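Asks: Before anything else, here's the structure in question.
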Amino acid sequence: MSDSRTVSGGCFDDTMAVRTCKFFYLLKYAAGALYILSAAFLPLWVSFAVCLLFFVLSFMTVFPKAAALFSLTDEDKLRRLRFDIQLLTSVLMVCLAVAILLERYGASIGAEFPTFLIFQALAVTVFSTRSWFSLFNRVTIYEDIRETDSFKNISLLYEFFLIALRVLGAFLAGLWVASFTGYELTPDFFNRLFFIALIGAFVGSLFEAIPSKINANVSIYLSAFFSMCLLYILNYQTPWSETALAALFSVVLAFLAYRYKIADVSALFSAAVLGILIILFTNIWWYILLVAFFVLGGAFTKYKFKQKKDAGLAESKTGNRSYENVFSNSIWALIIAVLYGVLSQNPEWSWLAAPLVFAYVGTVATATGDTLASEIGVTSKGQTYMITNLRKSRPGEDGGVSLLGEGAALAGSAIIGILAFAFGIIDSLSLSLLVAVVGGFLGTNIDSVLGAVLQKRGYLTNSGVNVVSTLAGAVISFALFFLIF
């Protein structure tokens, strides 16, 4: 009889803990919504004071008593909750303090701070994957769910539904606060706000998907906030329908890369962010050229994969690309595309648009040439040589080059040149091939030199080498424009 009561009591306790967890996160959503709603018509110093109050309370004895109402008595979980509150309120207080100072003294120095961005980023943060997952699954507060099968196997439909909520939440939060703080709600402002909300939501989701020791909520907030600030400063917007279509197209392509095991989840979000920005700042063909690099890279990563894996030379255990690989090879393509979009609209700097086209083709050609050289070259049966002294080296050794690898680099660069012409990015085939082959082939070999000189000594990682070499390819092709014209 006593055993029956114990089991019964255990089930009851477990059920109550799960219900309490759901109530906790529902309360979190309500508190976040109330905080954003009140921010529209209350002075900023009140929002600051609320954050300060929660920050101070987290150090006081009342905190564990309040946590106990949610059955949160475990010391480790209590410590994590306290740390989460302290860190997030600290970040919010810094942002609010800057906004308050600029509100008071900004006019004298010609600076303004769009306070609605603070609350847009908060709306993105509120819809965290952990809290949303906890609402619909049997988990307790601060339960370690990241290693559970149910959390790992969250469907992409679920992920993108959550991103849609983040976009909607950020857009409505920005619209609400902006409407009470003197912004004129014109169609252009709506378009700009939607653009900012969309990118902030995707960037926040990306940083949540990236494994990190940084607190997840702070990582989401800061990444969303700074990306939104940057877009606001650029003062760039497109019609909301174009923004939505660019997002849909980018997501579909990124999903296909994930579906066919070319990319993991973090790379999926990375590619989606790249796609949205590159399409909106240039056009769809610029992004498709970059997609061609990902497709070629993914295909040749699988080339003789078992042989490379057995030799310890495979990209990863599965051959899937991660966010690190995506951004290390594409960050300059993104920067160049954004610069092209901004400078093209500025009459004083529009003369730089044409050489930036060359730079874009050069950086993509370098990434493609280097990837093909690495993935194909390591399978070479011929001799490999160190690029700095031409001494014999092992296949896959940093700085090692082979005849097959050099041929693969030329072929990869040439393919990008042909595609750049086919997509109308450069209107001459011979010129497009010249830009891609010169920039891509030289950039690939600069990558090998950096590998031999810096990577082998531990000064740069493989990702760091990719960042520098793709920049080199861009600079070479950029300079080539002025040599030709």
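Asks: Please verify whether Ala333 is under 23 Å from Gly440 (Cα atoms), open to solvent by 10 Å² or more (accessible area, probe 1.4 Å) and either at pLDDT 85 or above or among the hydrophobic types (A, V, I, L, M, F, W, C) (or both), treating the condition exactly as stated.
Replies: Answer is no for this residue.
Asks: Can you tell me which of Phe48, Phe83, Phe70, Phe55 is touching a residue at least 24 places away in the same chain (Cβ under 8 Å) and either surrounded by fewer than 14 Cβ atoms within 10 Å (Cβ to Cβ) or on the phi > 0 side of the Ramachandran plot (or both)?
Replies: Residue meeting the stated conditions: Phe83.
Asks: Which condition number does Ala452 fail, the rest of (1) touching a Leu at 6+ places or on another chain (Cβ under 6 Å); (2) open to solvent by less than 40 Å² (accessible area, probe 1.4 Å); (3) among the small types (Gly, Ala, Ser) being met?
Replies: (1)
Asks: State whether one or more residues within the range 265-287 are within 30 Å of Pro187 (Cα to Cα), open to solvent by less than 40 Å² (accessible area, probe 1.4 Å) and in a loop (DSSP other than H, G, I, E, B).
Replies: yes
Asks: Please state which one of Ser108, Ser155, Ser90 is surrounded by fewer than 17 Cβ atoms within 10 Å (Cβ to Cβ), over 23 Å from the mean Cα position of the chain (by Cα), among the polar types (S, T, N, Q) and modelled with pLDDT under 85.
Replies: Just one listed residue meets the conditions, Ser108.
Asks: From the list Ile141, Ile118, which one is in a loop (DSSP other than H, G, I, E, B), touching a residue at least 60 places away in the same chain (Cβ under 8 Å) and either touching a helix residue (DSSP H, G or I) at 6+ places or on another chain (Cβ under 6 Å) or surrounded by fewer than 19 Cβ atoms within 10 Å (Cβ to Cβ) (or both)?
Replies: Answer to the check: Ile141.
Asks: Which one of these does Lys261 not meet: (1) under 19 Å from Ile336 (Cα atoms); (2) outside any helix (DSSP H, G or I)?
Replies: (1)
Asks: Okay, next question. For the subset of the range 180-236 comprising residues that are in a helix (DSSP H, G or I) and acidic (Asp, Glu), which member is most open to solvent (accessible area, probe 1.4 Å)?
Replies: Once the filter is applied, the top-ranked residue is Asp188.
Residue by residue, here is whether (1) in a helix (DSSP H, G or I); (2) at pLDDT 85 or above; (3) open to solvent by less than 30 Å² (accessible area, probe 1.4 Å); (4) of a type in the set (Gly, Ala, Ser) holds:
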residue: Ser4; (1), (2), (3), (4): yes, no, no, yes
residue: Ser8; (1), (2), (3), (4): yes, no, no, yes
residue: Met16; (1), (2), (3), (4): yes, no, no, no
residue: Met60; (1), (2), (3), (4): no, yes, no, no
residue: Leu102; (1), (2), (3), (4): yes, yes, no, no
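Asks: Give the number of residues within the range 25-45 that are at pLDDT 90 or above and either open to solvent by less than 70 Å² (accessible area, probe 1.4 Å) or more than 22 Å from Ser128 (Cβ to Cβ) (or both).
Replies: Here the count works out to 11.
Asks: Quick test of your reading of the structure: Ala299 fulfils all but one of (1) in contact with a helix residue (DSSP H, G or I) (Cβ under 6 Å, 6 or more places away or on another chain); (2) in a helix (DSSP H, G or I); (3) at pLDDT below 90. Name the failing condition by number.
Replies: (1)
Asks: Out of the residues in the range 374-399 meeting the condition of being part of a loop (DSSP other than H, G, I, E, B) and without any contact (Cβ under 8 Å) to a residue 12 or more places away in the chain, tell me which one is most open to solvent (accessible area, probe 1.4 Å).
Replies: It comes out as Lys381.
Asks: Let me ask you something else. When only residues in the range 400-441 that are in contact (Cβ under 8 Å) with a residue 24 or more places away in the chain and farther than 24 Å from Phe478 by Cα count, which is most open to solvent (accessible area, probe 1.4 Å)?
Replies: Among those residues, the one meeting the criterion is Leu404.
Asks: A further question follows. Do we have Glu147 as at pLDDT below 85, under 29 Å from Met16 (Cα atoms) and either open to solvent by less than 30 Å² (accessible area, probe 1.4 Å) or under 17 Å from the mean Cα position of the chain (by Cα) (or both) here?
Replies: In short, no.
Asks: Looking at Leu245, is it more than 18 Å from Val203 (Cα to Cα), out of contact with any strand residue (DSSP E or B) (no Cβ under 8 Å at 6 or more places or on another chain) and either at pLDDT below 95 or in a helix (DSSP H, G or I) (or both)?
Replies: no
Asks: Answer yes if at least one residue in the range 70-79 is among the β-branched types (Val, Ile, Thr) and in a helix (DSSP H, G or I), and no otherwise.
Replies: For the range 70-79, residues among the β-branched types (Val, Ile, Thr) and in a helix (DSSP H, G or I): absent.
The values are calculated or read from the model by the stated rules, or taken from the named source; none is laboratory data. Because the structure is a prediction, the values reported are computed rather than measured. Quick reminder, even Gly has a Cβ in these numbers, built from the backbone with ideal geometry, and neighbours come from all protein chains shown. Surface areas here come from the heavy atoms of the whole protein model, side chains and all, with no ligands, DNA or RNA. Shrake-Rupley method; radii C 1.70, N 1.55, O 1.52, S 1.80 Å.
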